[in-house]
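Presented below is the structure to which this report refers.
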Amino acid sequence: MSRPKAAAPARPTDATIVRGRVVEAFGRHYTVEFPDGSRRQCYPRGKRGAAAVGDVVDIAIEGKAEGAINTIVPRRNLLYRSDDFRTKQFAANVDQLLIVVATEPDFADDLVGRALVGAWSANITPCVILNKVDKVTRLPVARQRLARIAALGVPVIELSAHDIDATRATLAPRLAGVTTLLLGQSGMGKSTLLNALIPEALAPTQEHSIALGAGRHTTTSTRLYHLPDALAPGGDLIDSPGFQAFGLQHLTPEDIINGFPEFKPFTEQCRFYNCTHRHEPGCGVLEALKHGEISEYRHALYMRVLAENESAVRY
């Protein structure tokens, strides 16, 4: 006799599907928060695309405290980095990016520039935080390096995260009513800044290694925190692990140009519609570069990102 076929797993009914927001991601494990404030540990169903913190998702309820991610609601944006080896998502549906640098340890101009490109290409408003201004030895140099970022119209805010009251007073108006992603290299004081804004976060902090000149990673997962109403009503802050690379190989040539908004007035003057702004005659961008209207630093970064994009391994 042939065996009867096993019954197919029951598909979730509409009554078991609820919509929530991803507030924490660790690998392929997610915490999803629902409108009533409750939370469930969830996982993606099958081999579907990975969710990111900030995503709105539809969940199939399983058991008392778990769920399966059925659908990711279309995003407004997604900030992530990619290179030849891996892709790392930061967060989705972000309004503002706070890039944290410090007077010490030394920060990488290239990484800051790439984070700006990623933000602008995803239609996210960037802002730079210069932390540890109480360490005055390297403050003038840090200011000088960030002056070219400020020249692009990016706010550069100076503070010391250990001065909690001043930090809150300075940042509160920028954080109210928006979702902000906190991003920075290890050792920049990002966790100290998070603790100043949300004491209950209890983010682990660790002094950077003077010998190595860099910080150690203290954040291992990406997490969304609701800012206190008394500080920044309606504001959410997403904390992500520190990074030491920011590949942009996922960007299209059009995305890359969007990441250099200061080029736009000059691209309209290019002789050729498909100008790459590298060597073409009659290029408005190269002409602006020649006359100092576009910085050599920014154009060099554009050339590097474009070259990496063209040589990227496509899967």
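Going highest first, how would you order 50-59, 193-202, 146-155, 267-276 by mean Cβ packing within 10 Å?
Details: 50-59: 22.0, 193-202: 17.6, 146-155: 14.3, 267-276: 12.5.
Descending packing order for the listed peptides: 50-59, 193-202, 146-155, 267-276.
Isolated Cys in the chain by the 4.7 Å beta carbon test?
42, 127, 283
Could you give me the ³J(HN,Hα) list for region 115-123, computed from phi with Karplus coefficients 6.51, -1.76, 1.60 and θ = phi - 60°, whole Hz, x at Gly and Pro?
These are the phi-based 3J(HN,Hα) values: 4, 5, 4, x, 5, 5, 5, 9, 6 Hz.
If amide H atoms are built 1.01 Å from N in the plane of the peptide, which residues on other chains or at least 5 residues away come under 5 Å of the amide H of residue 238?
Under 5 Å from the amide H of residue 238: 180, 181, 182, 225.
Within 10 Å, count the other beta carbons around each residue, average over each peptide in 254-260, 91-97, 40-46, and list them highest first. Before the final figure, lay out the partial values.
On the way: 254-260: 18.6, 91-97: 23.4, 40-46: 15.9.
Going from most to least packed, we get 91-97, 254-260, 40-46.
Any idea how many Lys pairs in the chain come in under 27 angstrom at the alpha carbon, given 8 or more places apart or on separate chains? Each step should come with its number before you reach the end.
Values: 5/47; 47/64; 47/88; 88/190; 132/190; 135/190; 264/290.
For the chain, the number of qualifying lysine pairs is 7.
Set the Förster radius R0 to 22 Å, insert the Cβ-Cβ distance between residue 134 and residue 201 as r into 1/(1 + (r/R0)^6), and round the FRET efficiency to 0.05.
Numbers: r = 22 Å, r/R0 = 1.00.
Between residue 134 and residue 201 the formula returns 0.50.
For region 55-199, give the percent of accessible area contributed by carbon and sulfur heavy atoms, probe 1.4 Å, rounded to a whole number. Walk me through the numbers on the way to the answer.
Working: 2870 of 5670 Å².
Looking at region 55-199 in its full context, I get 51 percent from C and S.
Restricting to DSSP H runs of at least four residues, report the calculated mean residue ellipticity at 222 nm for the chain, -39500 (n - 2.57) per run over all residues, nearest 500 deg cm²/dmol. Show your work: numbers first, answer last.
Numbers: 8 runs with 77 residues, N = 315.
One gets -7000 deg cm²/dmol as the mean residue ellipticity at 222 nm.
Could you check what % of the DSSP bridge pairs in region 73-210 are antiparallel, to the nearest 5?
Details: 5 of 20 bridges.
If we restrict to bridges inside region 73-210, about 25 percent are antiparallel.
Using the Kirkwood radius built from alpha carbon pairs, what does the Stokes-Einstein equation give as D for the chain at 37 °C and 0.692 mPa s, in µm² per second?
Numbers: Rh = 21.4 Å.
The Stokes-Einstein estimate is 153 µm²/s.
Kindly work out what percent of the DSSP beta bridges joining two residues of the chain are antiparallel, to the nearest 5. Please list the in-between numbers first.
On the way: 32 of 56 bridges.
Rounded to the nearest five, the antiparallel share is 55 percent.
List, in order, the whole-Hz ³J(HN,Hα) value for each residue of region 226-237 obtained from phi through the Karplus relation with A = 6.51, B = -1.76, C = 1.60 and θ = phi - 60°; use x for Gly and Pro.
8, 6, x, 4, 5, 9, 8, x, x, x, 10, 10
I want to check the label-to-label distance for residue 273 and residue 150. Put each point 7 Å from Cα in the C-beta direction and report it in nm to one decimal.
Output for this residue pair reads 4.2 nm.
Please compute the net charge surrounding residue 55, taking Lys and Arg as +1 and Asp and Glu as -1 over other residues with Cβ under 9 Å from its Cβ.
On the way: positive: 21, 75; negative: none.
For residues surrounding residue 55, the net value is +2.
If you plug each phi of region 145-150 into the Karplus form 6.51 cos²θ - 1.76 cosθ + 1.60 with θ = phi - 60°, what whole-Hz ³J(HN,Hα) values come out, in order, with x for Gly and Pro?
With the stated coefficients, region 145-150 comes to 5, 7, 4, 6, 6, 4 Hz.
The values are calculated or read from the model by the stated rules, or taken from the named source; none is laboratory data. Note that the coordinates shown come from a computational prediction; the quantities given were computed from them, not determined experimentally. Glycine gets a Cβ as well: all are built from the backbone with ideal geometry, and neighbour counts include every protein chain shown. Only protein heavy atoms, including side chains, enter the accessible area calculation; ligands, DNA and RNA are left aside. Shrake-Rupley method; radii C 1.70, N 1.55, O 1.52, S 1.80 Å.
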